[in-house]
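The values are calculated or read from the model by the stated rules, or taken from the named source; none is laboratory data. Owing to the predicted nature of the structure, the values given are computational and were not obtained by experimental measurement. All Cβ positions, even for glycine, are placed from backbone atoms using ideal geometry, and neighbour counts span all protein chains on display.
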Amino acid sequence: MTNFADMLSKAKAMQDKMKEAQDKIKKIEVEGMSGGNLVKVVLTGDYELKSINISEKAKKEDLTIINDLIIAAYNNAKENLKKKSAEELSKVTGGLNLPTDFKLPF
């Protein structure tokens, strides 16, 4: 029975580490850019858009182009966040590829 208790103890420790990693990820901020730095956005670890910076040069463009640049910058930030989140999780999981919202059943 000690093996089972040991296994539960390890699972609880992993759960605590995962919670800690998820809390760290929420505090991450990443930047995304598009159009050769015409538009920059900052995204938090829980995918909340924190800021949008549109350069003066970009403001001279057509609204459709500006919208496309904002979307591209957001998508770039989202990819950067996924990479950063995966790095944080791999520190805890020892390289296992678990999703950032992974929850243990305990």
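So which residues in the stretch 36-53 are more than 22 Å from the chain's Cα centre (by Cα) and surrounded by 14 or more Cβ atoms within 10 Å (Cβ to Cβ)? Steps first, please.
Initial filter on the stretch 36-53 (more than 22 Å from the chain's Cα centre (by Cα)): 36, 38.
The answer is L38, and nothing else.
Can you report the number of residues in the stretch 58-91 which are over 14 Å from the mean Cα position of the chain (by Cα) and in a helix (DSSP H, G or I)?
The number of residues fulfilling the criteria is 14.
Within the stretch 12-71, count every residue that is in contact with a strand residue (DSSP E or B) (Cβ under 6 Å, 6 or more places away or on another chain) and among the charged types (D, E, K, R).
4
Would you please list the contacts, defined by Cβ atoms under 8 Å and residues six or more apart or on different chains, that run from a residue in the stretch 42-62 that is at negative phi and in contact (Cβ under 8 Å) with a residue 12 or more places away in the chain to a residue that is of a type in the set (F, W, Y) and surrounded by 12 or more Cβ atoms within 10 Å (Cβ to Cβ)?
Correct list of pairs: L43/Y74; L49/Y74.
In the stretch 59-78, which residue that is within 30 Å of V92 (Cα to Cα) and in contact with a Ser or Thr (Cβ under 7 Å, 6 or more places away or on another chain) is surrounded by the fewest Cβ atoms within 10 Å (Cβ to Cβ)?
In this case the residue turns out to be N76.
May I ask you to say which residue of E31, E56 is loosely packed, with under 12 Cβ neighbours inside 10 Å, at pLDDT 95 or above and not aliphatic (A, V, I, L, M)?
E56
For D6, only one of the following conditions fails: (1) among the acidic types (D, E); (2) more than 20 Å from S85 (Cα to Cα); (3) touching a helix residue (DSSP H, G or I) at 6+ places or on another chain (Cβ under 7 Å). What is its number?
Tallying (1) among the acidic types (D, E); (2) more than 20 Å from S85 (Cα to Cα); (3) touching a helix residue (DSSP H, G or I) at 6+ places or on another chain (Cβ under 7 Å), D6 fails exactly one: (3).
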